[in-house]
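Reviewing the structure listed below.
The values are calculated or read from the model by the stated rules, or taken from the named source; none is laboratory data. In this text, all values refer to a predicted model and were calculated from it rather than measured experimentally. Virtual Cβ from ideal backbone geometry, glycine too; neighbours counted across all protein chains shown.
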Amino acid sequence: MSDERREKITRLIEKMFDMVPPKEVTDQMKGDESQVDDAGVPIALRTLAEAVFAEDIHFYIPGHGPHAFSGVGHQPYFKFNAERMQATEGKLSLKLLDILIGETHAAALIHYREETAGKPFEWLRTNVFKFNDALDKIIEVRVFEHDQHGVDAYYTHAYGASAGR
């Protein structure tokens, strides 16, 4: 693989993690109308998605609960994130730990920390990204959790807690 190809992929993945600080998205999800578009999507989230995801991106997030998601396109992604952020009070922090790059895919190791009802949960996730030929958009994201049972339990509790508000 050429150094140029490796650099393009690395920049695209890092751009995704650097573009929108979680606090900005969190604040937008809490009802600042000036930061939300006509469809109720946080402007920062829409900007991020349009910058790095292909219009017909495929998402695969495993699980046995309300957090599991499989969808195509930006709109299902926006809806999924809005529901997740509401259930978890928007208290998510991500840290990109490492990137492994291949010819057509890259794997990003990410430290996640999310909180609901004052109870934090931390875990490692690997996102496997597939890119378009120009290497300027991500066309597929597949998620692998290091503790799938823990993630399932956490989100089942979080979504249940948010339903009772």
- request: For Val128, indicate whether it is of a type in the set (A, V, I, L, M), under 14 Å from the mean Cα position of the chain (by Cα) and under 14 Å from Pro62 (Cβ atoms).
  value: yes
task: Those residues that are in contact (Cβ under 8 Å) with a residue 40 or more places away in the chain and under 11 Å from Met1 (Cβ atoms), I need them from the range 96-105; list them, please.
output: Ile101, Gly102, Glu103
task: Select, from Arg113, Arg142, the only residue that is closer than 30 Å to Met1 by Cα and basic (Lys, Arg).
output: Arg142
message: Can you tell me how many residues within the range 118-128 are under 16 Å from Val151 (Cβ atoms) and either surrounded by 14 or more Cβ atoms within 10 Å (Cβ to Cβ) or at pLDDT 95 or above (or both)?
response: 6
field: Subset of the range 4-46 that is among the basic types (Lys, Arg) and within 20 Å of Ile138 (Cβ to Cβ) - its residue that is modelled with the lowest pLDDT
entry: Arg46
- prompt: Which condition does Gly63 not pass, out of (1) farther than 30 Å from Ala153 by Cβ; (2) at pLDDT 70 or above; (3) in a loop (DSSP other than H, G, I, E, B), if it passes all the others?
  reply: (1)
query: In this structure, is Phe131 at pLDDT 90 or above and either among the hydrophobic types (A, V, I, L, M, F, W, C) or buried (at least 18 other Cβ atoms within 10 Å of the Cβ) (or both)?
result: yes
task: State whether the residues of the range 105-117 include one that is at pLDDT below 90, among the aromatic types (Phe, Trp, Tyr), surrounded by 14 or more Cβ atoms within 10 Å (Cβ to Cβ) and touching a Lys or Arg at 6+ places or on another chain (Cβ under 7 Å).
output: yes
